[in-house]
Each structure stands twice: as structure tokens, then as C-alpha cells.
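Below is one structure, written out as C-alpha cells; the observations come after it.
The values are calculated or read from the model by the stated rules, or taken from the named source; none is laboratory data. All figures in this text were calculated on a predicted structure; none of them were measured in a lab. Glycine also receives a Cβ, built like all others from the backbone with ideal geometry; neighbour counts cover every protein chain displayed. All accessible areas refer to the heavy atoms of the entire protein, side chains included, with ligands and DNA or RNA removed. Shrake-Rupley method; radii C 1.70, N 1.55, O 1.52, S 1.80 Å.
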Amino acid sequence: MEALLDSCLQQRRPTVLVVGDIMCDTYLWGKVSRISPEAPVPIFESTERRQVLGGAANVAANLRALECDVRLLGVIGADATGRCVREQLHEQGIADTWLVQDETRPTTEKTRLIASQQQLLRLDYESQTPLSPSLVSQVLQSVEPLMRDIDGVVCSDYRKGVCIPALLEPLFTMAHAAGHPIFVDPKAQDFSRYRGATVLTPNLEEVERASGIMVSDEGALTLAVERLLQQSQARALLVTRGKDGMTLFHPPHAPVHIPTRAREVFDVTGAGDTVIATFSMAVLCGLPLVDAAYLANVAAGIVVGKLGTTTVLPEELRTTLRAGDAFGQRKVLQRSELAVALQHRRQQGERIVFTNGCFDLLHVGHIQYLQQARAMGECLVVALNDDAAVRLLKGEKRPLLPQDDRARLLAALACVDYVTIFSAATPLALIEFLRPHILVKGGDYTLDTVVGRKEVEAYGGEVRIVPYVSGVSTTGIIDSVITRYGAGVDHV
């Protein structure tokens, strides 16, 4: 899958027209520590305010983060929120040239109050009134010249009055005439308004509402999707199913289910925007629908692990694929890659065990030590001293094996999940960065001499000592070889 991602990124970046309901997502961070004397309600003390792009604007932001060229077409109000949207677009390199301003409606704003990483309340300020005929005409006049310069169309419908038949029908007609695929994130109850779309990306609730079928099993889902495919005449439906992943229906082929691993979901806000942005980008870069769906599933897994409306970067996708969270099997990782891999392990409820050392000339004592460490959790990280650090610790004649060879030997062990090479004199900075649940050291240490003990215990982690196998050491092996072979050691 990493090769498929690279093939996308090496292509000419597609230019995508995003049409839909533009929003501003406002986050108020704070705390709740007392009850109001005026009424039995909690008092929210706001400490921070942040505004980000939402709705169709978030789709555009996700496409731009994936290095696509974006043309965003939608309606905003003549208000401070609309001005904030324009500023956010400029910051992300997205032109506001094609935004239409409506003096009669507010810019849609969703304000979320968050305390202790939990969303307490959402306030919506919006109008769901359909666009007037004059505004529809104004939008369509902007679309026509864009059709020559784009590769595809993404429609982000949040039922705020923009994606109405009077707009979509001529828009789809122009796209078909230009040979452009159309991707729709649908919210309408009647999918016939999306007739002519290439792919729709509804979630399970939207499938049930639009089809009128309660999805209680796979058979019911298939029946519901068949009805919606007939209504919309779409080529395919990619149904997002929350913790159960997503399923691609693309007749005449059999449905393809893409499971997601169990993970802690911090925030699903904007996950559908990330899915349609990643999926459309991949298809427009030439990937088959199935491969594009797999890539979108990986992106969704990344974005729900973040708090708030946000985007996914190509490097995050690549790192996740390499780290083995989705498809890759690499064990030797850079620090930044390891952080992403461990984030997903934590989201699956796994305990992270950390140890470090030189591991120069791997022997049975090392292996037994690592096996015991791995048994304490579900994921063992070994931090390996680089060659320069080993020379400082062990002397100028060490290491016997270079760091890359030592890392590969450790990675070959079934009990080791990840290996990372570090150059600092101690692993303290790495421990603070990775925050393992359990820090393990060998029997020649006491709790008082373990580097990182104070820091690990401060955030609720544990420090454990594992006894070494007596009589086994690298130094002992070296001495034994010299004793047995003497000057002939070079020929062993």
C-alpha cells in the first residue's frame, strides 16, 4: 500500500472542484468546576478559542493537505465568520475567488464546548434555506469556466441549502460533458438528487435514512445499497461504518469490506470529509476504487485519533503504512514514525513496554531478557544505542556489529515489536517523548539508578527490573573466543 500511496504522490496533482456547504468549526476549550447559582447548570470557563474550516471547506483543506490544487465553490454570509473562513482558506493556500456572498444568510458556524477532552455541547448558527434562483445562477456562472481546468468534482452536502437539484443537475451535466468524475458525500434523504454521480460516500445512518431499510445485518445492507445505487445511478457506494470500517459496493464486482482495527476514537468530527478527500484524490491519481478505499480507510483511522476538525498529511499516511498499522511490516523505525505506530497501538488498548541498550553481539541472555520484557505488555520497543554511543560506553573496540546490523537482529526476534536507534547519552528524551506504560531495565540496575524512572512514574507508568541470565555476557563471549583462538581469531 505504501507503493500505491507513492504512485499517487508521484503523479501530477489533480485539480479538484469542491462544491458544497461551507462552514466554520469553532472550538471553545475550558473547564467545568462549579454549578451556576442562577440555575442547576454547570459553569463553563473558557480558556482558549480556535476556529478551523468545516464542511466543504474542510474537504478542500484535506485535499490541499494531500497536495491537490483546489477550487472551492460555495456560499458564505457577510459576517465575521465568513471573513474568518476567507482568512483560513488563504492560510492553507486555497483561493476564495469562487465564494459567493449572500447578504441574507449567516455563514454556518458550529461551536463546540470542550472540557477534559470531552465535548459538552454544540451550538449551531446556520440557515438551511435553499439558495435563491439568482444565487444558483451566480454559482453556475462561476462553475462553467472552471470545467476546463479541473480533473474532478467533489460535492459536500450538509443540507444547508447549497446542494439542491437546481444547482446539482446543471453542475453534473457540465461535469459529464467535460468527462470529469463526481464524488458526493450525501446527506439528503432522496439520493435521486445525486443522479449521475460517480461515487457516493454515505455513512450507515445515511444509508438507512435514504433507503428506508434498517440495516441489521450484511444482507440488509446489501439490499439498502442496491436501492440507493438504483436511485442515484452511481457507479459505486463507499459506505463508512464507524468501528466496523467501510464497505465498497461497485457492481458487477462483489462488495469489498475493509475492516478497521479497534481504536480509541478521540473525535469523529470531519472524518467523512477526510474519507471523501482521500478517496477522490486517489481515484483521480489513477488508483482503482478498491485501493482508493483502502487508502481512505487508513486516513480515517488517523484523523479520528485527533481532536477536532483537522486534516491528514501525506507523511502521516506514509508513516502509518510503514509502521504496520494498516499494511506495512517494518520494525526498525525513526522516532517520528515510531510515535505514530505507538499512537495506534495505544488506541487498540495495548500496553507499551520500553527498554534500551547496546545489544552488541546478541546472545541468549539478551533474548531471555527481551522475552520477559515483552510478556509485561502487548508491544515491546527496544531503543538501541548508536555506534558512537557504544564506543563511549564500551570502549574504542566496540561495537563488534554496526548499529544497522544490531537493529536488524533485534527486529528479527518475535518478541520485539519495534526498534529505534538513538544517539543521546541516555534514553531520557526518548522516554519522555514516547511515554511508555512500562520501563524495563536489566538486573545490574536498581530502581534508584534507572534513567527515566521519575518521569515515567510521574505520569502513572511503571518501572520494572528483570534479572539477567547469570554467566552470559558479550564480554564473556569475546574473552572466550580470544582464549580459544588467540591470534587466529581473525579466521573464525
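Only Lys, Arg, Asp and Glu count, each charged at its Cβ (+1, +1, -1, -1), so figure out the dipole size of the chain about its Cα centre, rounded to 20 debye. Once rounded to the nearest 20, the dipole reads 740 debye.
Quickly estimate the mean residue ellipticity at 222 nm for the chain, helices only: each DSSP H run with n ≥ 4 gives -39500 (n - 2.57), and the total goes over all residues, rounded to 500. Please list the in-between numbers first.
Details: 17 runs with 186 residues, N = 492.
The helix contribution divided over the chain gives -11500 deg cm²/dmol.
Computed over protein heavy atoms with a 1.4 Å probe, the accessible surface of the chain works out to 45 Å² per residue. Sorting 13, 49 on solvent-accessible area from highest to lowest, probe radius 1.4 Å, gives 49, 13.
Taking Rg and Dmax of the Cα atoms in Å as calculated from this structure, the corresponding entry among (i) 27.7, 95; (ii) 52.8, 167; (iii) 41.4, 142 is (i). Straight-distance candidates among the lysines for linking to residue 397, with alpha-carbon spacing under 27 Å and chain neighbours fewer than 8 residues away dropped: 441. Each label was represented as a point 7 Å from its Cα along the Cα-to-Cβ direction; for residue 290 and residue 216 these points are 3.2 nm apart.
Antiparallel beta bridges, as assigned by DSSP with both residues in region 1-156, represent about 50 percent of the total such bridges.
By per-residue mean of other Cβ atoms within 10 Å, what is the highest-first order of 82-88, 115-121?
In descending order of packing, they fall as 82-88, 115-121.
Neighbours of residue 296, meaning other residues whose beta-carbon lies under 14 angstrom from its beta-carbon, give a summed charge of -3 when Lys and Arg score +1 and Asp and Glu score -1.
Of 124, 448, 149, 102, which has the most accessible area and how do the rest follow, probe 1.4 Å?
Details: 124 70, 448 135, 149 95, 102 15 Å².
Final ranking, largest accessible area leading: 448, 149, 124, 102.
To the nearest 0.05, what FRET efficiency results for residue 46 and residue 454 with a Förster distance of 45 Å applied to their C-beta separation? The pair residue 46/residue 454 has a calculated efficiency of 0.85. Straight-distance candidates among the aspartates and glutamates for linking to residue 454, with alpha-carbon spacing under 15 Å and chain neighbours fewer than 8 residues away dropped: 432, 462. Ignoring lysines fewer than eight residues from residue 187 along the same chain, the ones with Cα atoms less than 29 angstrom from its Cα are 110, 160, 243, 306. Overall, the accessible surface of the chain at a probe of 1.4 angstrom is composed of carbon and sulfur to the extent of 51 percent.
Of the peptides 158-168, 244-254, 417-427, the order by per-residue mean of other Cβ atoms within 10 Å, starting with the highest, comes out as 158-168, 417-427, 244-254.
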